[in-house]
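Since every read-out is calculated from the coordinates, none of them should be taken as a lab result. Predicted model, so just to flag it, every value in this text is computed and none were measured. A quick note on method: Cβ atoms are made from the backbone with ideal geometry, for glycine too, and the neighbour counts reach across all protein chains shown.
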Amino acid sequence: MSILFINGSPRRQGNTATLGDRLLTGIPHTTLSLADYQLNFVQDQRETKQPQRNLTDDYEQLMTTYFAPASDIVLGTPVYWYGMTGQLKVFMDRWFDSFSHDFPFADKRIYLLIVGADQPEIKATGITQAVLNSCDWLKMNFCGTGIVTADGPQDVANLVTLPANCQTLRRKIKTNTK
Ligand SMILES: Cc1cc2nc3c(=O)[nH]c(=O)nc-3n(C[C@H](O)[C@H](O)[C@H](O)COP(=O)(O)O)c2cc1C
């Protein structure tokens with residue numbers, strides 16, 4: 001069992017990063033920040049003779065080094081315009097490259113962390129829908145969402161306790177990786 005936390009925020013030490021740290025306190029895991037890597041937009045090569053693959057950026061290395069060995073993956077994103085950040089969206093778009101080359105997505109467990117300033121539990125439900133449906137399509141198991149309302153970079157650090165939905169997610173991760 002190995003746990004990977006992927007931070008989709010451009011703030012490397014912001015709320016999403018802190019939420020991931022707090023969710024996984026005492027649970028061995030690896031963290032990576034998508035902002036530290038070059039990720040190019042996906043190209044749709046389906047109607048061309050070009051391979052559905054781009055070896056000119058860091059995507060393949062991320063998938064081979066971090067994603068492939070992980071059994072449990074926590075995706076974290078701030079809410080940007082009521083959706084996920086571009087960083088996470090570009091990363092997920094590129095899953096189509098991996099899918100096209102038989103990457104072993106199946107049976108990985110995916111957890112989602114969302115941080116937003118404007119009622120994210122009501123207004124950012126589209127993020128959960130997108131991740132859940134993507135997991136279904138790739139035969140991964142979507143295990144739930146933890147949502148926190150926060151804006152300033154220290155807001156999550158200043159929370160006395162995490163919301164109940166995050167605590168539930170933490171219990172699930174512990175049970176699944178026991
Ligand atoms: C470009 C941009 C767009 C944002 N759009 C939203 C939004 O649509 N809804 C929302 O609730 N918060 C929005 N926010 C606020 C962030 O979600 C919030 O500040 C969050 O805590 C940032 O997390 P981070 O510190 O991990 O980057 C936006 C912030 C930025 C910079």
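For (1) more than 16 Å from the ligand (Cβ to nearest atom); (2) of a type in the set (V, I, T); (3) outside any helix (DSSP H, G or I), each residue gets a yes or a no:
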| position | (1), (2), (3) |
| --- | --- |
| D21 | no, no, no |
| K49 | yes, no, yes |
| L88 | no, no, no |
| D93 | yes, no, no |
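Taken over the stretch 1-19, the criterion of being within 14 Å of the ligand (Cβ to nearest atom) and either closer than 15 Å to Y66 by Cα or assigned to a strand (DSSP E or B) (or both) is satisfied by F5, I6, N7, G8. If only residues of the stretch 20-46 that are surrounded by fewer than 15 Cβ atoms within 10 Å (Cβ to Cβ) and among the acidic types (D, E) are counted, the one that is farthest from T65 (Cα to Cα) is D44. Based on this model, can you work out whether A117 counts as touching a Leu at 6+ places or on another chain (Cβ under 6 Å), surrounded by 13 or more Cβ atoms within 10 Å (Cβ to Cβ) and among the small types (G, A, S)? It is false that A117 is touching a Leu at 6+ places or on another chain (Cβ under 6 Å), surrounded by 13 or more Cβ atoms within 10 Å (Cβ to Cβ) and among the small types (G, A, S).
Within the stretch 130-148, restricting attention to residues that are without any contact (Cβ under 8 Å) to a residue 24 or more places away in the chain and of a type in the set (A, V, I, L, M, F, W, C), the residue that is surrounded by the most Cβ atoms within 10 Å (Cβ to Cβ) is L132. T64 satisfies every condition listed in (1) in a helix (DSSP H, G or I); (2) within 23 Å of P10 (Cβ to Cβ); (3) free of Cβ contacts under 8 Å to residues at least 12 places away in the same chain except (2).
When I122, I127 are checked against the criterion of being within 14 Å of the ligand (Cβ to nearest atom) and free of Cβ contacts under 8 Å to residues at least 12 places away in the same chain, I122 stands alone in meeting it.
Set side by side, the residues D107, D72, D151, D97 differ, and just one is surrounded by fewer than 20 Cβ atoms within 10 Å (Cβ to Cβ), away from the ligand (no atom under 16 Å from the Cβ) and charged (D, E, K, R), which is D107. Identify the single condition in (1) touching an Asp or Glu at 6+ places or on another chain (Cβ under 9 Å); (2) within 16 Å of the ligand (Cβ to nearest atom); (3) assigned to a helix (DSSP H, G or I); (4) of a type in the set (A, V, I, L, M, F, W, C) that I114 does not satisfy, given that it satisfies every other one. In the conditions (1) touching an Asp or Glu at 6+ places or on another chain (Cβ under 9 Å); (2) within 16 Å of the ligand (Cβ to nearest atom); (3) assigned to a helix (DSSP H, G or I); (4) of a type in the set (A, V, I, L, M, F, W, C), I114 misses (3) alone.
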